[in-house]
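No lab work stands behind these numbers, since they all come straight from the coordinates. These numbers were taken from a predicted model, which means no experiment stands behind them. Cβ coordinates were reconstructed from backbone atoms using ideal geometry, including for glycine residues, and neighbour counts include every protein chain displayed.
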């Protein structure tokens, strides 16, 4: 019996070592991902034009963090809704995001781009650059972190009034 076991072990080792073991990996398609980001950017612009604060916030992950200039960071959709409603009241009429670069993998993508914000009358309110980190949630890319800053120079603080 011992003589039979050794040849069986050797034969099984030979067969298992000669197997063509290829792992199935999904190739990350950057071009398709960039198209997905451009679609998201169009939805962003539509939410602004429609003055839809809830729709705007729903573009983001539930626990998203937005970090705008000269203000505390916004954490979660409820604060994004509130902040965007304030922007609507301030007169934001339209916005545009332009993708400049993106990289990552199938689950986490970083986007770099430029933005323009316009008033309801079409005049430019601001322009600048941004970086957004998207995570795939339920099959769809959603920003989890978003930071932007203006290309406009910072405004100088008001001069203090002279003491009387």
Mean separation of Cα contacts under 8 Å, 6 or more apart, over the residue count of the stretch 41-86: relative contact order %: 35 percent
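Contact order normalised by length for the stretch 29-150, with contacts defined as Cα pairs under 8 Å and 6 or more residues apart; what percent is it?
Reported as a whole number, the value is 25 percent.
Sorting check: for 54-60, 77-83, which peptide has the highest mean count of neighbouring beta carbons within 10 Å, and how do the rest follow?
Highest-to-lowest ranking by the protection proxy: 54-60, 77-83.
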The stretch 29-150: mean projected area of Cα convex hull, nm²: 6.7 nm²
